[in-house]
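Worksheet: the structure to be examined is printed underneath.
The values are calculated or read from the model by the stated rules, or taken from the named source; none is laboratory data. In this text, all values refer to a predicted model and were calculated from it rather than measured experimentally. Neighbour counts run over all protein chains shown; Cβ positions are idealised from the backbone, glycine included. Quick note on the areas: whole protein, heavy atoms, side chains included, nothing else; ligands and nucleic acids left out. Shrake-Rupley method; radii C 1.70, N 1.55, O 1.52, S 1.80 Å.
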Amino acid sequence: LFRPGRQEDAHEFLVHLLDDIHTTELLNAGINQRLSGWKDKLPIPRLDETTLIHRIFGGYFRSQVCCTKCSYKSNTYDPFLDLSLEVCSKSSNSITKAFAEFTKKEHLDRENKWKCSGCQRKVCAMKQLTVFRPPLSLCIQLKRFAYGGGGGFGYGG
């Protein structure tokens, strides 16, 4: 993964290290993630989310979509090990502001309507990503560079 002459950063190293520890712990428990369909063969659903790495660094995002017609709410929960926050814009020049931007509600409107299970039709809706269960130790990657329209990257901080 890491080769001389390539630029790598501390976040990439941490993600690779945690992934290797996680994979090794699963292999020691007889779970091989490289085999096709390995997740379907787990004796307990989401057993792979119980490793030491997930217990320390793992949390859960909740993506909630709310129908603007009938107020039906759909929730999806996804595990995460780190949080990437953009701190390169003027509106997100602190972790608090960047986190508020990360969890900001999004309008699903005419171009991207949502199929509501409550009223059984395509509707406008509100979508929001939140941290449902925070980890014991939260790793935050601060993304300080923005891709510029002129084909380059700019420093935002």
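So what's the back-of-envelope 222 nm ellipticity for the chain, counting only DSSP H runs of four-plus at -39500 (n - 2.57) apiece and dividing by all residues, rounded to 500?
Value at 222 nm, helices only, nearest 500: -6500 deg cm²/dmol.
Non-local amide H neighbours of Phe132 (under 5 Å, H modeled in plane, Pro and chain starts lacking H): which ones?
Tyr60, Phe61, Arg62
Which whole-number value in Å² is the accessible area per residue of the range 16-112, probe 1.4 Å?
On a per-residue basis, the range 16-112 sits at 66 Å².
Please arrange Leu81, Leu42 by accessible surface area, largest first, computed with a 1.4 Å probe and ligands excluded.
Leu81, Leu42
Carbon-plus-sulfur fraction of the accessible area of the range 1-145, 1.4 Å probe, in percent?
54
Report the residue, chosen from Gln120, Gln64, Gln128, that carries the largest GNM mean-square fluctuation when the chain is represented by alpha-carbon nodes joined by springs under 10 Å.
Highest fluctuation among the options: Gln120.
Listed here are the pairs Lys39/Lys143; Lys73/Lys97; Lys104/Lys143; which of them are more than 20 Å apart at the Cα?
Correct reply: Lys39/Lys143; Lys73/Lys97.
What does the charge add up to near Val87, with Lys and Arg as +1, Asp and Glu as -1, over the other residues with Cβ less than 9 Å from its Cβ?
Neighbour charge sum, excluding Val87 itself: +2.
How far is it, in nm, from the label point at Asp19 to the one at Lys73 when both lie 7 Å from their Cα along the line to the Cβ?
Label at Asp19, label at Lys73, 3.4 nm between them.
Can you tell me how the chain classifies by the Cα gyration tensor, rounded, prolate or oblate, using a/c under 1.5 as the rounded cut?
oblate
Using only protein heavy atoms and a 1.4 Å probe, report how much of Cys70 is accessible, in Å² to the nearest 10.
Roughly 60 Å² of Cys70 is accessible to a 1.4 Å probe.
Could you list which residues have their amide H under 5 Å from that of Gln141, counting only those 5 or more apart in sequence or on another chain, with H placed in the peptide plane?
Leu83, Ser84, Leu85
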